[in-house]
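See below for the structure under consideration.
The values are calculated or read from the model by the stated rules, or taken from the named source; none is laboratory data. The structure presented is a predicted model; accordingly, all values stated were derived computationally and were not measured. Cβ sites come from the backbone with ideal geometry, for glycine too, and all protein chains shown count toward neighbours.
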Amino acid sequence: MPALSARVRVEFDGPADSSYAMRGTPDEMAAEVRAFAAIGLEHLALAFQATDPDEVVERVERFDREVVPLV
């Protein structure tokens, strides 16, 4: 089977009701990451929807701090 990859937008604090973005609380986002892993996903590219470099870094660091430990 070929390697599976996905690209998803990451949006903190929004309702977790979209299949086009990883949204919601850190627990909800971690559950989505685990669900991707459960279907064999090997690569997950995250898009943090910001153009300002400082804002991108802030969002990546928040994801690392709040979501990654829960996966």
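For the stretch 29-47: of the residues being of a type in the set (D, E, K, R) and surrounded by fewer than 17 Cβ atoms within 10 Å (Cβ to Cβ), which is modelled with the lowest pLDDT? Steps first, answer last, please.
Within the stretch 29-47, the first condition is being of a type in the set (D, E, K, R), and the residues that meet it are 32, 34, 42.
Going one step further and asking which of them are surrounded by fewer than 17 Cβ atoms within 10 Å (Cβ to Cβ), we end up with 34, 42.
Details: ARG34: 93, GLU42: 83.
Result: GLU42.
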Worksheet item: Within the stretch 30-64, can you find the residues that are closer than 17 Å to GLU11 by Cβ and touching a residue at least 40 places away in the same chain (Cβ under 8 Å)?
Response: ALA30, ALA45, ALA47, GLN49, ARG59, ARG62, PHE63
Worksheet item: So which residues in the stretch 48-67 are assigned to a helix (DSSP H, G or I) and loosely packed, with under 12 Cβ neighbours inside 10 Å?
Response: PRO53, ASP54, GLU61, ASP64, ARG65
